[in-house]
1. Tally time: how many residues in region 83-97 are modelled with pLDDT of 90 or more and among the hydrophobic types (A, V, I, L, M, F, W, C)?
2. Could you run through region 27-52 and say how many residues are in a helix (DSSP H, G or I) and either at pLDDT 85 or above or under 22 Å from Leu9 (Cα atoms) (or both)?
3. Could you tell me whether any residue of region 97-113 is in contact (Cβ under 8 Å) with a residue 24 or more places away in the chain and more than 19 Å from the chain's Cα centre (by Cα)?
4. Given the structure, is Lys55 in a helix (DSSP H, G or I), over 13 Å from the mean Cα position of the chain (by Cα), among the charged types (D, E, K, R) and farther than 18 Å from Leu5 by Cα?
5. Against the condition among the β-branched types (Val, Ile, Thr), more than 19 Å from Val114 (Cβ to Cβ) and assigned to a helix (DSSP H, G or I), how does Ile81 come out, does it pass?
6. Answer yes or no: is there a residue in region 30-48 that is in contact with a Gly (Cβ under 9 Å, 6 or more places away or on another chain) and not β-branched (Val, Ile, Thr).
7. If Ser57 satisfies every condition in (1) within 27 Å of Leu18 (Cα to Cα); (2) in contact (Cβ under 8 Å) with a residue 60 or more places away in the chain; (3) of a type in the set (Gly, Ala, Ser) but one, which is the exception?
8. Going by what's in this entry, would Phe41 be described as closer than 30 Å to Asn90 by Cα, among the aromatic types (Phe, Trp, Tyr) and within 14 Å of the chain's Cα centre (by Cα)?
Amino acid sequence: MKPYLTKILLFSVIISLLTYLIYAFVLQPHYLKIFPYIILFFTIIGIVFHNIILKISKRNISKFATYFMLFSTLKLVAYIILIVIYLLTNKENAIPFVVYFFILYIFYTAFEVVVILPEIKKK
């Protein structure tokens, strides 16, 4: 878990710096104060998800794919709930929020797959 924690924290710092640079110099009018919290949300969900997946893979590797898909679906539902809540409470910023959220979703999902696959292949 410790190597993953280091990797995801470093990844989140890099994403935060890139976000700062992009919104400070290119997309300043579209910056929302919630953006750093979205990165924090993805980081926390990623740590929890990774921890659960590792525990499952140690107990029963044959059911790993089933549990991986189950928790991926639960994670996606959590993301959708967050998006819906935000959109219902803040309609005027819907487009920048959804675009930023979707971009982070792609980056963090790719990161998780790249990090989890080598660990599972070892087992």
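The values are calculated or read from the model by the stated rules, or taken from the named source; none is laboratory data. This one's a predicted model, so the numbers in the text were calculated from it and none came from an experiment. When we count neighbours, we look across all protein chains shown, and the Cβ atoms used for this are built from the backbone with ideal geometry, even at glycine.
1. So the answer is 5.
2. Step one: of region 27-52, the residues in a helix (DSSP H, G or I) are 28-30, 35-52.
Filter again for either at pLDDT 85 or above or under 22 Å from Leu9 (Cα atoms) (or both), leaving 35-52.
Result for region 27-52: 18.
3. There is no residue in region 97-113 that is in contact (Cβ under 8 Å) with a residue 24 or more places away in the chain and more than 19 Å from the chain's Cα centre (by Cα).
4. Working: in a helix (DSSP H, G or I): yes; over 13 Å from the mean Cα position of the chain (by Cα): yes; among the charged types (D, E, K, R): yes; farther than 18 Å from Leu5 by Cα: no.
No, not satisfied.
5. On the way: among the β-branched types (Val, Ile, Thr): yes; more than 19 Å from Val114 (Cβ to Cβ): yes; assigned to a helix (DSSP H, G or I): yes.
So Ile81 fits the description; yes.
6. No.
7. (1)
8. Numbers: closer than 30 Å to Asn90 by Cα: yes; among the aromatic types (Phe, Trp, Tyr): yes; within 14 Å of the chain's Cα centre (by Cα): yes.
Criteria met by Phe41.
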